[in-house]
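Below: one structure, written as C-alpha cells.
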Amino acid sequence: MFKTRGFWLSQMLVLIVFYAAAIVLSLNGLTSHVVVKVAMVLLAAHILEIPLAFYALRGRNPQALRVMIATSLFGLIWWIPAKRGLLAVK
C-alpha cells in the first residue's frame with residue numbers, strides 16, 4: 001500500500017480538500033475554527049520540514065523550487081514517496 005503512487009496521491013488530495021475547507025472557513029470570517037487552526041499548524045510544520053526534505057532527496061538531484069513548494073504544502077506525504085522514486089523531484 002505505501003509503495004504505490006496512488007496511495008500517496010490520494011493522501012495529497014485529502015490534504016488539498018482540507019486546505020480548501022480552511023480557506024473557505026477563513027473567507028467566511030471563521031478564522032478561529034479548529035480546521036483553520038490545524039491547517040495553519042500543518043503549514044508551519046511543513047515549512048520546518050524543508051531542510052529534512054532536501055537532506056532526504058540529496059541523492060536524487062531535486063529541483064529546489066519543487067522541493068520547497070511541495071514540502072510546504074504536503075510535507076512528508078510528498079518527500080517520502082519522492083525519495084522512493086514514486087514522484088518526480090525535477
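The values are calculated or read from the model by the stated rules, or taken from the named source; none is laboratory data. This is a predicted model, so every value here is computed, not measured. Note: ideal-geometry Cβ built from the backbone for every residue, glycine included; neighbour counts use all protein chains shown. Accessible surface areas use protein heavy atoms only, side chains included; no ligands, DNA or RNA. Shrake-Rupley method; radii C 1.70, N 1.55, O 1.52, S 1.80 Å.
Things worth noting here:
- Filter result for I80 (open to solvent by 50 Å² or more (accessible area, probe 1.4 Å), out of contact with any Pro (no Cβ under 9 Å at 6 or more places or on another chain) and in a helix (DSSP H, G or I)): no
- Selection within segment 35-71 - under 14 Å from L15 (Cα atoms) and open to solvent by less than 30 Å² (accessible area, probe 1.4 Å): V36, A39, H46, A70, T71
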